[in-house]
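The values are calculated or read from the model by the stated rules, or taken from the named source; none is laboratory data. Just so it is clear, the structure is predicted and the values come from calculations on it, not from any experiment. Here the Cβ is made from the backbone with ideal geometry for all residues, glycine too, and neighbour counts use every protein chain on show.
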């Protein structure tokens, strides 16, 4: 176990020192239960500007997720950070030169509010991916924070695990493992356990929030799900809408074919989102379909691994021609291993952008909200649709007249969840609804539910 104090190191990195130093008195006493390795660091500031200079975060993991107009609270948050990993057999995560998966980060601010936030990385990113959007903000509010890389990461995540679906199923175990450990570390640091623990996340982190509150509600007091994907063996799931986008977008781009356009819309994509399709075809649709399909249905492309990038319909083993309904039962069984039920056991708020062009709202959060209701848990759920919201806030900087960042609505929802939970249901959030785009104000930093 490695112990560091990085106040001086940060000074040499030519960043402004905070006005006061962190309390390092418990540095030598903190042990993450079950961790194979940990590095415990005392830092004069746990927020991203300082962490970047000190080498305790990686901006490449979080920069693409937020608008450059999104602001975090000012001021330093001194405290202790623990980086480490749990035992694992895969080695895709190269942070710190460890070449070891199941990496985590735990942050323990000096000025603790008695509460803990847990998250799993979005997409196939790693443990620092929500540092700017979530960690900075909750730390400023006094929360302890912990995040996991989910046990596998990167575009070859499907190589982890021996059977289809196993890599995704590992994500559930890693979130549970970190939650239990982080609660105990907080008790070591502060002399008492957290009074409240919240699960939250973006995209795959939203999916993990849904899964955690369905399967381990005993560990949490509530959660905020930011645009989680929906997994059901009978559909909808990624494979019921992404192939149509891959198949028909080239024709739409080349000729503005009305038939191609209508087929993409019919698959679930929102009318009005067309201006986002080129970016999503180039960056998200193809890679997401091929890699997740390889995880769930590796037999589809024969001897290939993750298919043929950007292939046109008619190409052998092309994912543009993937037809989930015609695939064998074992494929549905693999999806069933990671599917959701809607049976949440603690209060949860879901947010989803109306123009989400990676995980369309009609095939992801709309059916999940209906699943929660059908499971008799609607009283535990609120669902807010953000008008003009997309999957990633970054594109607001490119289309400020057509998009709206979800981040400020997420933060408003988190505060609403706190009030809902901590007032024992006596301060319920507004009913599920669409959050209209305001005509004035700071869209990147203001939102009212």
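Miscellaneous remarks
- When residue 315 is tested against the conditions (1) surrounded by fewer than 18 Cβ atoms within 10 Å (Cβ to Cβ); (2) assigned to a loop (DSSP other than H, G, I, E, B); (3) touching a residue at least 24 places away in the same chain (Cβ under 8 Å), the lone failure is (3).
- Test result for residue 73, farther than 20 Å from residue 41 by Cα, touching a residue at least 12 places away in the same chain (Cβ under 8 Å), part of a loop (DSSP other than H, G, I, E, B) and in contact with a strand residue (DSSP E or B) (Cβ under 8 Å, 6 or more places away or on another chain): no
- Restricting 440, 434 to those that are more than 21 Å from residue 113 (Cβ to Cβ) and modelled with pLDDT under 95 reduces the list to 440.
- Against the conditions (1) surrounded by 24 or more Cβ atoms within 10 Å (Cβ to Cβ); (2) part of a loop (DSSP other than H, G, I, E, B), residue 349 satisfies every one except (2).
- Given (1) out of contact with any strand residue (DSSP E or B) (no Cβ under 6 Å at 6 or more places or on another chain); (2) at pLDDT 95 or above; (3) under 19 Å from residue 93 (Cβ atoms), number of the condition residue 161 does not satisfy: (2)
- So residue 260, is it over 21 Å from the mean Cα position of the chain (by Cα) and within 23 Å of residue 65 (Cα to Cα): no
- Within the stretch 195-217, tally of residues that are surrounded by fewer than 22 Cβ atoms within 10 Å (Cβ to Cβ) and in contact with a strand residue (DSSP E or B) (Cβ under 8 Å, 6 or more places away or on another chain): 2
- The set of residues in the stretch 97-137 that are surrounded by fewer than 24 Cβ atoms within 10 Å (Cβ to Cβ) and within 14 Å of residue 197 (Cβ to Cβ) comprises 112, 113, 114, 115.
- Residues of the stretch 195-219 that turn out to be more than 20 Å from residue 406 (Cβ to Cβ) and in contact with a helix residue (DSSP H, G or I) (Cβ under 8 Å, 6 or more places away or on another chain), as a count: 7
- Complete set of residues in the stretch 162-201 that are part of a loop (DSSP other than H, G, I, E, B), closer than 29 Å to residue 329 by Cα and free of Cβ contacts under 8 Å to residues at least 24 places away in the same chain: 162
- If you go through the stretch 369-403 and pick out every residue that is assigned to a loop (DSSP other than H, G, I, E, B), buried (at least 24 other Cβ atoms within 10 Å of the Cβ) and either touching a helix residue (DSSP H, G or I) at 6+ places or on another chain (Cβ under 7 Å) or in the same structural domain as residue 270 (by TED's automatic domain parsing) (or both), you end up with 3.
- Taken over the stretch 218-240, the criterion of being in contact with a strand residue (DSSP E or B) (Cβ under 8 Å, 6 or more places away or on another chain) and buried (at least 22 other Cβ atoms within 10 Å of the Cβ) is satisfied by 220, 222, 223, 224, 225, 226, 227, 228.
- So residue 431, is it surrounded by fewer than 14 Cβ atoms within 10 Å (Cβ to Cβ), touching a residue at least 24 places away in the same chain (Cβ under 8 Å) and either in the same structural domain as residue 65 (by TED's automatic domain parsing) or not in a helix (DSSP H, G or I) (or both): yes
- Any chance residue 342 is closer than 30 Å to residue 430 by Cβ, modelled with pLDDT of 95 or more and not assigned by TED's automatic domain parsing to the domain that holds residue 408: yes
- Residue in the stretch 357-364 that is within 15 Å of residue 223 (Cα to Cα), in contact (Cβ under 8 Å) with a residue 60 or more places away in the chain and either part of a strand (DSSP E or B) or in contact with a helix residue (DSSP H, G or I) (Cβ under 8 Å, 6 or more places away or on another chain) (or both) present: no
- Close Cβ contacts (under 9 Å, 6 or more residues apart or on different chains) running from residues in the stretch 130-155 that are not assigned by TED's automatic domain parsing to the domain that holds residue 65 to residues that are surrounded by 24 or more Cβ atoms within 10 Å (Cβ to Cβ) are absent.
- Verdict on residue 243 being buried (at least 17 other Cβ atoms within 10 Å of the Cβ) and assigned by TED's automatic domain parsing to the domain that holds residue 332: yes
- When each of 58, 101 is tested for being assigned by TED's automatic domain parsing to the domain that holds residue 131 and in contact with a helix residue (DSSP H, G or I) (Cβ under 7 Å, 6 or more places away or on another chain), the lone residue that passes is 58.
So that you can scan it fast, the table gives a plain yes or no per residue for (1) under 18 Å from the mean Cα position of the chain (by Cα); (2) under 27 Å from residue 131 (Cβ atoms); (3) without any contact (Cβ under 8 Å) to a residue 12 or more places away in the chain:
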position: 347; (1), (2), (3): no, yes, no
position: 392; (1), (2), (3): yes, yes, no
position: 413; (1), (2), (3): yes, yes, no
position: 423; (1), (2), (3): no, no, yes
position: 437; (1), (2), (3): no, no, no
position: 441; (1), (2), (3): no, yes, yes
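- The residues of the stretch 253-276 that are over 23 Å from residue 387 (Cα atoms) and surrounded by fewer than 18 Cβ atoms within 10 Å (Cβ to Cβ), listed by number, are 253, 254, 255, 256, 257, 258, 259.
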